[in-house]
Amino acid sequence: MKFSLGEINIFVSDLERSLAFYCDVLGFENLGEDRGAVHLKGAGHAFLLLTFASADASPPKYGARPSVSFDLEVSDIEKAYAYFRDAIVAFERNLEPGGDHFFVRDPDGTVIEIVQP
């Protein structure tokens, strides 16, 4: 059996706040709303923001509970790190000297790894 990747669903608590992050910070394209969910396109994939989540004051440590995260690949990790730092994004793990990846969190705590392959 062969599978292909469809939409990646991201559960959010505040649609406007999450739209600002995914569109303004990550540069994803807003493809429109459908029954309260918003379709996005970014990094060559389709995403769907769903407002089913309740606000969580403190997200758990990365990997502490079952969840999904995703990677975004960049060509210049230092430049990407400076971009996220200037955008005042929450970091899960900082870029280490000479490193090729770091982790950020979206407004609801979903972890996104930024990596230079």
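The values are calculated or read from the model by the stated rules, or taken from the named source; none is laboratory data. As the structure is a prediction and not an experimental result, all values here were calculated from the model. Ideal geometry is used to build each Cβ from the backbone, glycine not excepted, and the neighbour counts take in all protein chains shown.
Just to be sure before I move on: is Leu40 in the same structural domain as Phe21 (by TED's automatic domain parsing), in contact (Cβ under 8 Å) with a residue 24 or more places away in the chain and within 13 Å of the chain's Cα centre (by Cα) in the structure I sent?
no
Here is a list: Asp14, Asp24. Which entry is surrounded by 13 or more Cβ atoms within 10 Å (Cβ to Cβ), within 20 Å of Val104 (Cβ to Cβ) and outside the structural domain of Ala80 (by TED's automatic domain parsing)?
Asp14 is the lone residue from the list that is surrounded by 13 or more Cβ atoms within 10 Å (Cβ to Cβ), within 20 Å of Val104 (Cβ to Cβ) and outside the structural domain of Ala80 (by TED's automatic domain parsing).
Could you check segment 65-117 and list, in sequence order, the residues that are without any contact (Cβ under 8 Å) to a residue 24 or more places away in the chain, surrounded by 14 or more Cβ atoms within 10 Å (Cβ to Cβ) and closer than 17 Å to Ile8 by Cβ?
Val104
Pull up segment 93-117, narrow it to residues that are over 12 Å from the mean Cα position of the chain (by Cα) and acidic (Asp, Glu), then point me to the one that is nearest to Leu50 (Cα to Cα).
By that ranking, first place goes to Asp100.
Results for (1) without any contact (Cβ under 8 Å) to a residue 24 or more places away in the chain; (2) closer than 23 Å to Tyr81 by Cα, shown as yes or no for each residue.
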{"site": "Phe3", "(1), (2)": "yes, no"}
{"site": "Asn9", "(1), (2)": "no, no"}
{"site": "Val12", "(1), (2)": "no, no"}
{"site": "Tyr22", "(1), (2)": "no, yes"}
{"site": "Phe28", "(1), (2)": "yes, yes"}
{"site": "Arg35", "(1), (2)": "yes, no"}
{"site": "Phe52", "(1), (2)": "no, no"}
{"site": "Tyr62", "(1), (2)": "no, yes"}
